[in-house]
Amino acid sequence: MSDLKYLFEPRGVAVIGASHNPGKIGYRIVDNILAGGYRGKIYPINPRGGKIAGVDVCTSIHGVIHDVDVAVITIPAKHVFDAVMSCAKRKVKHLVIITSGFSEIGNSAEEKKIVSFARDNGMRVLGPNIFGIYSSQVSLNATFGPQDIKPGNVSIITQSGAIGIAMIGKTRVENIGLSSIISVGNKSDIDEADLLEYLVSHDDTRMILMYIEGVRDGERMVNVLSEATKKKPVVVIKSGRSARGAMAAASHTGSLAGADEVFDCIIKQCGVIRAERIQEALEWCKFLADAPKPGGDSAVIITNGGGVGVLAADACDKYGVSLYDDQDALKSSFGGSVPDFGSTKNPVDLTGGATGDDYDKSLSIALKDKHVGSVICLGCETAVFNAEKFTGVVKKKYRAYRSNKPVVFSIFGGELVENGIGKLRKENVPIFSDVYDAVSCLGALYSHERHARSAKPTYEKVQIDAKAIGGMVRQARKAGRHFLLAHEAHEVMSAAGIAVPASRVARDIPTAVKCAEGIGYPVAMKVVSKDIIHKSDAGGIALDLDNEQEVVDAHESILHSCKAHVPNAYIEGVEIAEMVKPGIETIVGARRDRSFGPIVMFGLGGIYVEVMKDVTFRAFPINRAGALDMMGDIRSYPLLIGVRGEKKKDIDTVAHAILKVGAIIRECPDISDIEINPLVVYDEGEGVKAVDVRILLTTRSA
Ligand code: ACO
């Protein structure tokens, strides 16, 4: 349960470091609070007393006799702790620490001292290193950003101060109303998850936009986000997609930017809509804050140009908007308003001769038709296209139907068209010159609706023999290793119920021959030694051995070559393994991620895994449906369901393997990483084989 009510609805706000100098942040904050029409009481605090922006100043917070729910602190870093102590005595509830010069420059000790003292004294800390907070509920603009903020129903949480301040200005230009904007800066205490918990049940907030550079407590974030997106759309802009960007993000706020691929998959799993660009995010916010629920799953495109209709259909494919496809129904609905040489197939093409009246008629049909979930209305400037008439129809229809059915518009053309777009956008009509921008808004809405409607996953526990696995881990630790040898990793797989190729370790030639006969020819042989990491480079592998003589020769050759390659290596023996039949090579893994805790991975495996980069991730736990969903995510999925007459592969057993490796990571805290590559997948009913398995143990400090 969130305890942030009085951060958003303070009855009294003190500004410690309120300045007499209009050029200083401490003045600007007082001025903004006054200009914003704050409905509570403001108490500027400055040892010099007097008046600031016309308000009486208290020389100390102790001089304030009424409730102070929030203290905004804007004095140099070295004085902040003293101010925090005075706030504790005054029973302040929330500290909004604007001051920079803490963990972001390596001064973590001071920041920790402040937070721990604040928490011990019942105070929560926002910041430090922030521009403040705006909350429309009490008209509080406790920021040093712009004064002109339009109240509304979008909440913004931002890790970057500069982007946040700029966004305030931009939202005004775009006519987007805010219910709050909160700068989290160093996130020393209050973080995005805390704020989301509050905002999700905040009546004035209809959707939430977050700018993130790094995630702190990813496991909690996954839980909170998954809950939040069931109720409200959450759009995220996360920087650090590229390696250079991630480095810049790490040095900007000192936060740990995890692998972007992992972040991308996991926030999608949580139902979050990720925007790449700020402008795109703001367009989505504007649309989502106002749009009604779609009346159904599919959209109708109305256009006067075939080309732009095709572009819109492509955009629908890209953004996950499905198109209404009942040809008979389309014909009977739109047949009367489309000329013979036009098309009633979706896109409904009114052709280049379409007039404002034609648009009026067909838009009415689409907006009233209960089978049509949403509408995409497009116009291209043609010889007979009247931009003024078109924008007039758009305005009329949008006003009439805006609360019934989502509709987006795009017109493309010259100055008159652009002017028309500008005017309509000022009235918050979702109209764009680029068709992709229009469709992406609808895509964001559908993406949220699909997630909100999807059933909450239930998890069943998968069986693994954690005790046996623990035994193997202890054995490796005893031998001073932070990893398991290949045959130990195979034993872990067996203890988890994941099939591995039959194998045994032999310490001499007669045993090797006996093992090979027991397994059945052909067999593979591999050296077993913790000192030889790259077995094939050391000549430690022999494949396709068909008889006793080949096993004897291979044994001698492996030992000879490994000793020559790594002279001091301790060789425990040679592993004799079943030669695995070819199948689809996949990769399955799990690890304890620094940001998100236990995560699982699935993708196309084999030696080109790094090049193909066809992998996906999920925060664990997931259930069987989630594991199957992961498989559907990868580009190579068709290989698993069978291409060119091949049979469907055993995806159920793969799903099981994903759940098992996730369960190992979750239940065996000593194991940090598991990677099966390849996990060879056979036809349906014929199972899988975990061929190469790498298991790493947590280092004690981790
Ligand atoms: N209690 C009350 N008032 C005090 C106290 C105190 N203990 N100590 C000093 N003051 C008064 C000062 O007398 C001064 O008032 P005056 O101008 O009337 O004399 C006022 O508080 C401010 O103190 P200064 O020492 O003048 O501090 P200054 O304003 O120069 O800097 C600040 C303080 C702004 C907090 C600075 O240390 C800082 O951290 N700046 C960076 C802030 C920032 O950028 N945050 C991140 C934002 S996000 C982004 O990137 C945009």
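The values are calculated or read from the model by the stated rules, or taken from the named source; none is laboratory data. None of the values given here were measured: they were computed from a predicted structure. Cβ coordinates were reconstructed from backbone atoms using ideal geometry, including for glycine residues, and neighbour counts include every protein chain displayed.
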Of the numbered conditions (1) in a loop (DSSP other than H, G, I, E, B); (2) touching a strand residue (DSSP E or B) at 6+ places or on another chain (Cβ under 7 Å); (3) more than 22 Å from residue 180 (Cβ to Cβ), residue 101 satisfies every one except a single condition; which is it?
-> (2)
With the checklist (1) in contact (Cβ under 8 Å) with a residue 12 or more places away in the chain; (2) out of contact with any helix residue (DSSP H, G or I) (no Cβ under 7 Å at 6 or more places or on another chain); (3) surrounded by fewer than 17 Cβ atoms within 10 Å (Cβ to Cβ); (4) not hydrophobic (A, V, I, L, M, F, W, C) in hand, flag the one item residue 433 doesn't pass.
-> (2)
Checked region 498-512 for anything assigned to a helix (DSSP H, G or I) and under 15 Å from residue 578 (Cβ atoms); matches are 512
List the pairs whose first member sits in region 660-687 and is in contact (Cβ under 8 Å) with a residue 60 or more places away in the chain and buried (at least 19 other Cβ atoms within 10 Å of the Cβ), whose second member is part of a loop (DSSP other than H, G, I, E, B) and polar (S, T, N, Q), and whose Cβ atoms are under 6 Å apart, counting only residues at least 6 apart or on separate chains?
-> 672/698
Go through region 36-56 and give me each residue that's under 20 Å from residue 86 (Cα atoms) and either more than 11 Å from the ligand (Cβ to nearest atom) or in contact with a strand residue (DSSP E or B) (Cβ under 6 Å, 6 or more places away or on another chain) (or both).
-> 41, 42, 43, 44, 45, 56
Being touching a Leu at 6+ places or on another chain (Cβ under 9 Å) and either in contact (Cβ under 8 Å) with a residue 40 or more places away in the chain or not in a helix (DSSP H, G or I) (or both) is the filter here, so list the residues in region 461-478 that pass it.
-> 462, 473, 476, 477
Near pairs, Cβ below 6 angstrom, 6+ apart or cross-chain, from region 12-29 (more than 14 Å from residue 131 (Cβ to Cβ)) to any residue that is assigned to a helix (DSSP H, G or I) and more than 6 Å from the ligand (Cβ to nearest atom) | 14/61; 18/30; 19/27; 21/27
Confirm whether residue 229 is within 24 Å of residue 265 (Cα to Cα), away from the ligand (no atom under 16 Å from the Cβ) and modelled with pLDDT of 95 or more.
-> yes
Give me a count of the residues in region 401-430 that are exposed (fewer than 14 other Cβ atoms within 10 Å of the Cβ) and modelled with pLDDT under 90.
-> 1
Please find, within region 20-35, the residue that is nearest to the chain's Cα centre (by Cα) out of those that are surrounded by fewer than 22 Cβ atoms within 10 Å (Cβ to Cβ) and within 7 Å of the ligand (Cβ to nearest atom).
-> 25
Counting only residues that are in contact with a Lys or Arg (Cβ under 9 Å, 6 or more places away or on another chain) and either small (Gly, Ala, Ser) or without any contact (Cβ under 8 Å) to a residue 24 or more places away in the chain (or both), how many does region 371-416 have?
-> 2
Reported set for region 594-617 where residues are over 23 Å from residue 635 (Cβ atoms), part of a strand (DSSP E or B) and out of contact with any Lys or Arg (no Cβ under 7 Å at 6 or more places or on another chain) is 597
Scan region 164-182 residue by residue and report those that are within 14 Å of the ligand (Cβ to nearest atom) and either closer than 23 Å to residue 200 by Cβ or in contact with a Cys (Cβ under 8 Å, 6 or more places away or on another chain) (or both).
-> 164, 167, 168, 181, 182
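From the residues in region 97-134 that are among the acidic types (Asp, Glu) and farther than 23 Å from residue 6 by Cα, which one is nearest to the ligand (Cβ to nearest atom)? Give the steps one after another, and end with the answer.
Of all residues in region 97-134, those among the acidic types (Asp, Glu) come to 104, 110-111, 120.
Retained after the next criterion (residues that are farther than 23 Å from residue 6 by Cα): 104, 110.
Values: 104: 9, 110: 13 Å.
For region 97-134, the residue satisfying everything is 104.
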When region 69-85 is examined, which residues are found to be more than 8 Å from the ligand (Cβ to nearest atom) and free of Cβ contacts under 8 Å to residues at least 60 places away in the same chain?
-> 71, 78, 80, 81, 84, 85
Has region 149-163 got at least one residue that is touching a residue at least 12 places away in the same chain (Cβ under 8 Å), more than 16 Å from the ligand (Cβ to nearest atom) and surrounded by fewer than 19 Cβ atoms within 10 Å (Cβ to Cβ)?
-> yes
Positions within region 332-354 being surrounded by 15 or more Cβ atoms within 10 Å (Cβ to Cβ) and part of a helix (DSSP H, G or I), in sequence order | 333, 334, 337
Do we have any residue at all in region 628-644 that's buried (at least 23 other Cβ atoms within 10 Å of the Cβ) and touching a Leu at 6+ places or on another chain (Cβ under 8 Å)?
-> no
